[in-house]
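First the structure, in the form of structure tokens, and then the observations on it.
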Amino acid sequence: YDTFLGGDWTAPVTVGSADLGPGNQGTDVIVRYPYAFVSGVAASANKPDLFVYDVSDPASPQLLTTLDIGSDGINTLSLSGNFLYAASSNDARELMVFDTAAPASTSLIAALDMSGDADGLTVLAKDDLLAVGRAESSASEVVLYDVTDPASPSGVGSFNVPDAVNDFAASDEYLFAASTSETEDITAYDIRNPIVPAFAAAYDLEDGSPDLSIAFDPPGTLFVGNAANQFVTVDASDPLDMRMLSSVETGGEVRDMACLTGNLLFVGTNNS
């Protein structure tokens, strides 16, 4: 935004927009300027689910290509280098990997049918480690992969959480998961050795509300968004001894959040 208009983050304006077409709902967006990758869930299995735009002119995004992954679409995206990772509710491919080296020719290079039929709800790529969060089921809700070879993800760990895992955040040493669980709102995993990740701790926020989103602000602060119209600040400087610091009312479920610049936290809610 600052690059294009020299604007004010406290008073943002819409620069441009694009329509994914009838029957499509946008679910996530990842930008590697001058390209934007947008995921969606469509009303029909034969509609596209991944859209690649040229946003070099942000006032007029240009659609470069689309991909159809089949039924149930894509819930979330994560980008690392030239590889885009997607979590899906498609029971045959809950995890997908796309090669975006040539954005206009983005292609699917791997699709994993994960154990069980639990939906893939969230995904986070960090270096050569990939985390997938899933709906509650008899299968593990947190599954970690080594993606040294992105075309062939290799499982390195799986962990059970009492409910659905909705979002991830990471520091250099720990992965944090936000879940719908009333007793384990946040779970932390030691990823200092990414080939042998380990469960580190669980933290109960004691608010009784499902947690939907999480963001990490270095050196040790977590922001957690919940379905009780709040975002909560947690001291995670010691992930083995997390402590709630404060909460702020948002007037809507906090569906997503990001720390992008300076001391600003951006929060997306369902408050119209």
Open item on the list: When you scan the stretch 173-182, do you find a residue that is at pLDDT below 95 and at positive phi, even just one?
Closed with: no
Task: Checking residue 188 against (1) at pLDDT below 95; (2) touching a Pro at 6+ places or on another chain (Cβ under 8 Å), the condition it does not meet - done: (1)
Open item on the list: Take the residues in the stretch 127-145 that are surrounded by fewer than 19 Cβ atoms within 10 Å (Cβ to Cβ) and under 13 Å from residue 191 (Cβ atoms); name whichever of them is modelled with the highest pLDDT.
Closed with: 128
Open item on the list: Can you tell me which of (1) open to solvent by 10 Å² or more (accessible area, probe 1.4 Å); (2) touching a helix residue (DSSP H, G or I) at 6+ places or on another chain (Cβ under 9 Å); (3) within 25 Å of residue 135 (Cα to Cα) is the one residue 37 doesn't meet?
Closed with: (1)
TODO: Please specify each residue of the stretch 19-33 satisfying the condition of being under 21 Å from the mean Cα position of the chain (by Cα) and open to solvent by less than 40 Å² (accessible area, probe 1.4 Å).
DONE: 20, 24, 28, 30
Task: 1 or more residues more than 17 Å from the chain's Cα centre (by Cα) and over 26 Å from residue 53 (Cβ atoms): qualifying strands (runs of 3 or more DSSP E) within the stretch 105-155 - done: 107-112, 142-146
Task: strands (runs of 3 or more DSSP E) lying entirely in the stretch 164-214 (those with 2 or more residues that are surrounded by fewer than 18 Cβ atoms within 10 Å (Cβ to Cβ)) - done: 198-203
Open item on the list: Can you tell me how many residues within the stretch 216-264 are under 13 Å from residue 169 (Cβ atoms) and either outside any strand (DSSP E or B) or among the basic types (Lys, Arg) (or both)?
Closed with: 5
Open item on the list: Looking only at the stretch 78-103, how many residues end up being open to solvent by 10 Å² or more (accessible area, probe 1.4 Å), of a type in the set (A, V, I, L, M, F, W, C) and part of a strand (DSSP E or B)?
Closed with: 2
Open item on the list: Pairs needed: first member in the stretch 5-26, part of a loop (DSSP other than H, G, I, E, B); second member anywhere, at pLDDT 90 or above and open to solvent by 80 Å² or more (accessible area, probe 1.4 Å); C-beta distance under 7 Å; at least 6 residues apart or different chains.
Closed with: 18/63
Task: Single residue of the stretch 40-75 satisfying the filter (among the hydroxyl-bearing types (Ser, Thr, Tyr) and outside any loop (DSSP other than H, G, I, E, B)) that is surrounded by the most Cβ atoms within 10 Å (Cβ to Cβ) - done: 53
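The values are calculated or read from the model by the stated rules, or taken from the named source; none is laboratory data. From a predicted model like this one, the values you see are computed outputs, not experimental measurements. Because the Cβ atoms are built from the backbone with ideal geometry, glycine has one as well, and the counts that use them run over all protein chains shown. Each accessible area value is taken on the protein alone, full model and side chains, heavy atoms only, with ligands, DNA and RNA left out. Shrake-Rupley method; radii C 1.70, N 1.55, O 1.52, S 1.80 Å.
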